[in-house]
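Everything below concerns the one structure shown next.
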Amino acid sequence: MSQLIEQLQLLEADKFVSEDDEEYQVQLLPGLTDEQVKAFAESMPQGRLPADIRELLLFTRGFEFSPLEEIRFDASNQFGLEELFPNSIQLAGDGFGNFWILDISQTGHWGAVFFVCHDPAVIVRHSTDLCEFLRHVHEFGRLGPASWLDRVHEQISSTIWLERKKPNGIISAQLAKASDDTILKQFSLTVPIKYLIADLRIHSPMLGFAWDTISADGTGKVRKHNTEPIWAFEQSTKQSWLGRLFSK
């Protein structure tokens, strides 16, 4: 049995209390059939699924969790904004237009989970992978405001927004071209010198970035590394194209 299923079973077995002092539990949704998993895999990059994800989807396609309504593992490429997340799973939403997105690389690897917030307009590195995200959901059910999920949602996203004009880890492509980090350097060589680069890998001190740093033009102005959570983009002087999209 995979760690994902073990973590999910721990979550399912626990009992939580809502803000209205009502007790609730996780309710698992039915799993996908073999044929559905096969079709789902074919829609993924490289036409494949990691073994633990395949096992998870056969076990359940997601679950009901009262504070976030549904958390889904099969909602692929429903988020849009393909330049930021060319391949993704929309895990959950908060009901106010903000989402938790799992990034899938061009090689088919299921990677980190990001909190994509539109008010304030920031992207935050939330969890290293799906298993850690499930632990964060479990922690949120138990601890509420003291949990990492709530801190990202209520505090960290706002802090990133308020400090968006300070040096926050975003660097120029020109500076990245001289980096000792091979991955960062090679990626920077593929974009114009005037571009900025945001590195949200797990070892990066940078936790997130504000959308208004991205060009309002949008199309063709954002590039994501094929396998890493690193983005390059032209700096904005107007309202961001993401902001314009969500304001429609």
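The values are calculated or read from the model by the stated rules, or taken from the named source; none is laboratory data. Only a predicted model underlies this, so the values are computations on that prediction, with no experimental measurement involved. Every residue, glycine as well, gets a Cβ built from its backbone with ideal geometry; the counts of neighbours run over all protein chains shown.
A compact table of results
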read-out	value
Any chance residue 193 is under 25 Å from residue 4 (Cβ atoms), at pLDDT below 95 and not polar (S, T, N, Q)	no
Residues being surrounded by fewer than 18 Cβ atoms within 10 Å (Cβ to Cβ) and of a type in the set (Asp, Glu) - total across region 73-93	1
Evaluation of residue 39 against (1) aliphatic (A, V, I, L, M); (2) farther than 13 Å from residue 101 by Cα; (3) modelled with pLDDT of 95 or more; (4) surrounded by 14 or more Cβ atoms within 10 Å (Cβ to Cβ) (one fails), failing number	(4)
Selection within region 113-124 - buried (at least 21 other Cβ atoms within 10 Å of the Cβ) and either of a type in the set (Asp, Glu) or within 21 Å of residue 55 (Cα to Cα) (or both)	113
Residue list for region 182-201, restricted to those being farther than 18 Å from residue 84 by Cβ, assigned to a loop (DSSP other than H, G, I, E, B) and touching a strand residue (DSSP E or B) at 6+ places or on another chain (Cβ under 8 Å)	193, 194
Members of region 144-169 that are over 18 Å from the mean Cα position of the chain (by Cα) and among the aliphatic types (A, V, I, L, M)	146, 162
Scan of region 168-181 for residues that are buried (at least 16 other Cβ atoms within 10 Å of the Cβ) and not in a loop (DSSP other than H, G, I, E, B), ordered by number	171, 173, 176
Selected residue [surrounded by fewer than 20 Cβ atoms within 10 Å (Cβ to Cβ), of a type outside the set (A, V, I, L, M), at pLDDT 95 or above and out of contact with any Pro (no Cβ under 9 Å at 6 or more places or on another chain)] from 127, 147, 105	147
Matching helices (runs of 4 or more DSSP H) fully within region 1-99 where at least 3 residues are within 18 Å of residue 132 (Cβ to Cβ)	3-13, 51-59
Residue count, region 45-67 (criterion: buried (at least 19 other Cβ atoms within 10 Å of the Cβ), touching a strand residue (DSSP E or B) at 6+ places or on another chain (Cβ under 9 Å) and not β-branched (Val, Ile, Thr))	5
Close pairs from region 173-187: first closer than 14 Å to residue 198 by Cβ, partner among the β-branched types (Val, Ile, Thr) and crowded, with 16+ Cβ neighbours inside 10 Å, Cβ under 8 Å, at least 6 apart	173/191; 173/197; 176/197; 183/230; 184/197; 184/230; 187/197; 187/230
